[in-house]
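The values are calculated or read from the model by the stated rules, or taken from the named source; none is laboratory data. Bear in mind that the values here come from a model prediction, so they are computed numbers and not experimental data. Using ideal geometry, Cβ is built from the backbone for each residue, glycine included, and neighbour counts are taken over all protein chains shown. Each accessible area value is taken on the protein alone, full model and side chains, heavy atoms only, with ligands, DNA and RNA left out. Shrake-Rupley method; radii C 1.70, N 1.55, O 1.52, S 1.80 Å.
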Amino acid sequence: GPNRLLQFKPVQVAQCLTFMLYNDYYRHIVAQDLVSKKARDSSEAVKGMVTTFDRYAWWPLTWIMELKLEVLERVERFVFFMDVAQECRKLCNFHAFFGIIAGLSLPCINWLWDFLRKEERARFDNLKRAVRNKGNYLVYRADISKCAQKSHIPFLGVTTKLLFPLEHSMSVRSAEHPHLINFGRCVSIQNTIDDFLRGQRVPFDFEILAPEDARASKASGWPAPHILSSPQGQLGRKSMASSVSTVSST
């Protein structure tokens with residue numbers, strides 16, 4: 001049942017999300033998958049990251065807004081996913097971090113913020129600041145710069161936002177020499193792609209913590225099915241992955 005998720009610590013959930021995202025999608029992305037919108041739309045790994053972002057966003061919403069819950073139970077679940085998001089940030093899994101904060105920031109759940117304790121509200125405001133686009137994602141860029149030499153998963157939405165003007169605003173041909181290729185454009189695109197793929201250089205290496213209740217981890221149920229089974233059937237909604245403003249405007 002849905003309450004089984006509370007058997008796990010937030011760090012355990014964050015580790016599972018990171019393990020699955022890295023192994024299922026991120027590590028399979030190559031530079032050719034990102035060079036154009038057509039290439040991104042054709043890449044199964046890129047499309048997988050887009051879909052996974054949607055799952056990260058809708059999962060906390062559907063779990064928190066489940067029917068027949070008391071307000072305090074909803075608050076408990078809200079804080080649980082705040083903790084999961086924070087652990088994803090510590091693991092440098094920024095794709096999951098952005099997705100979860102997007103879900104917790106949706107207008108239909110804003111009323112719960114008033115029931116958070118003062119310190120929890122302050123912590124949530126801090127997490128929201130980390131995903132805002134203020135200063136061209138100043139906080140996010142500071143976060144990811146600290147992960148340059150270790151394993152990390154960047155937020156795909158920021159990368160595609162950076163690539164879009166390079167693809168559509170910069171001419172393929174040199175302005176001064178129209179018969180020549182604009183190599184400045186090529187270098188800028190390549191640098192942006194290299195920044196996104198840098199997290200693949202050092203694979204994640206951590207031992208996923210087992211749940212305290214061993215009965216919850218029988219057979220092959222741990223980690224993947226227990227962690228992601230609950231949001232799978234809840235995805236018949238508008239995609240959120242293409243809208244960075246969903247996160248950054250809160």
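Per residue, segment 1-155 exposes 45 Å² of accessible surface when a 1.4 Å probe is rolled over the protein heavy atoms with every protein chain present.
The magnitude of the dipole of segment 11-100, with charges of +1 and -1 set on the Cβ of Lys/Arg and Asp/Glu and taken from the Cα centre, is near 320 debye. Here the mean projected area of the convex hull built on the C-alpha positions of segment 61-131 is 4.4 nm². Full extension of the chain between residue 136 and residue 202 gives 21.1 nm of extra length, using 0.36 nm per residue less the Cα-Cα distance. Largest first, the extents of the alpha carbon coordinates of segment 30-187 on the three principal axes equal 68, 29, 29 Å.
Measuring how big segment 106-169 is from its alpha-carbon positions, Rg and Dmax come out at 15.4, 46 Å.
Ranked by the mean number of other Cβ atoms within 10 Å of their residues, highest first, the peptides 136-146, 14-24 come out as 14-24, 136-146.
Extension gain, residue 120 to residue 36, is 26.1 nm, computed as 0.36 nm per intervening residue step minus the present C-alpha separation.
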